[in-house]
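These notes concern the structure reproduced below.
Here, each number is a calculation from the coordinates, and none is a lab measurement. Being a predicted model, the structure only gives us computed values, none of them experimental. Cβ atoms come from the backbone with ideal geometry, glycine included; neighbour counts cover every protein chain shown.
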Amino acid sequence: MNNPTPAGPADAHASHAPGPLGRLGPLGRVATFVAVGDSFTEGMSDPYPANGAHPPDTYRGWADLLADRLATADPGLRYANLAVRGKLIRQIAHDQVPIAAALGADLTTLAGGLNDVLRPRCDLAAVCAVLEEAAATLAASTGHLVLFRSTDPTRRLRSSARLMPRIEQLISFVDDLGKRHDATVVDLFTARVFDDPRMWGIDRLHLSTEGHRRVAEAVCEALGLPHDPDWRVPLAPAAPDPWLTRRKADASWARIHLGPWLYRRVTGRSSGDGRPPKRPDLTAWE
């Protein structure tokens with residue numbers, strides 16, 4: 001495991017303190033919330049405890065945590081999470097966006113496109129065109145739309161540095177969408193705290209429990225909701241692992257996670273093939 005990267009002074013910019021519970025500030029009342037996207041929004045890799053309260057292989061994630069926060073203000077909150085791991089933006093637009101638009105929720109979140117960018121062959125213009133259509137459809141049907149500037153993978157995964165031009169273009173396009181559709185854009189890209197490997201699961205591709213918690217706080221901050229203003233603060237430095245331990249961990253990761261991921265890319269398969277969303281309907285969130 002790499003050593004955590006300390007955050008710079010720019011990451012400690014001011015943030016308003018949490019407000020009293022039950023106040024939603026400029027967002028107003030949120031009685032219905034729909035989340036749209038891929039594994040990021042599904043909640044991988046933040047598993048629920050194996051206590052029988054949730055089906056096996058069910059993840060929590062930042063969207064469920066946001067639903068918790070919203071339900072504090074409105075105990076009657078109804079919540080749907082249509083996200084499915086591994087989905088490309090065209091699949092999200094085809095399978096999830098029409099359903100989300102028909103639900104007409106008070107708040108809708110849309111995150112997608114990064115899976116496309118990470119693939120060797122990516123038509124970025126086509127990705128942006130589909131993302132624009134999806135955002136326009138949701139913005140016209142929801143009370144408020146939330147978009148995301150994704151985390152920067154190049155600072156922790158050196159092999160992804162070659163993708164930076166695509167990632168920067170996607171980020172810039174999301175910024176433009178936010179302005180044109182009066183959407184809230186949550187900025188995770190400049191938050192250096194996500195450079196810390198402890199913010200990521202064992203597969204190094206999906207956020208850990210702590211990573212999802214920080215994203216939930218970032219969304220709440222962007223929406224003007226009560227939040228923890230210290231979500232950008234880095235974890236305490238960890239002692240570096242010995243060289244041999246790091247090499248063994250790398251070998252294990254390559255065998256268990258990287259190899260299967262590459263195989264799915266070559267064969268055109270996805271970890272989400274045939275998998276339904278975890279919350280396909282607007283139902284009461286307890």
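Peptide packing for 117-123, 142-148 was compared via the average number of neighbouring C-beta atoms within 10 Å per residue; ordered from the highest value, the list is 142-148, 117-123.
Take every pair of alpha-carbon atoms less than 8 Å apart whose residues are at least six positions apart; their mean separation over the length of the stretch 45-169 yields a relative contact order of 21 percent. Under a 5 Å amide H cut-off, with hydrogens placed 1.01 Å from N, Val185 pairs with Leu147 among residues at least 5 apart or on other chains.
The residue list Ser141, Thr151, Cys128 was ranked by how far each Cα lies along the charge dipole of the stretch 95-232 toward its positive end, using unit charges on Cβ atoms, and Thr151 comes out on top. Phi angles across the stretch 83-96 convert, under the Karplus curve 6.51 cos²θ - 1.76 cosθ + 1.60 with θ = phi - 60°, into 3J(HN,Hα) values of 5, 9, 4, x, 6, 7, 4, 5, 5, 4, 5, 7, 8, 10 Hz, Gly and Pro given as x. Using Cβ point charges alone (K and R +1, D and E -1), the dipole size of the stretch 164-205 about the Cα centre works out to roughly 80 debye. Annotation: amide H of Thr32 within the under-5 Å range of Arg78, Asp106, Leu107, sequence separation 5 or more or interchain, hydrogens built in the peptide plane.
3J(HN,Hα) along the stretch 182-196: 6, 9, 7, 10, 8, 8, 9, 5, 8, 7, 5, 4, 7, 6, 5 Hz, from the Karplus curve 6.51 cos²θ - 1.76 cosθ + 1.60 with θ = phi - 60°, whole Hz, x for Gly and Pro. Show the residues, 5+ positions off or on another chain, whose built amide H is closer than 5 Å to the amide H of Leu282. For Leu282, whose amide H was placed from the backbone, there are no distant partners under 5 Å.
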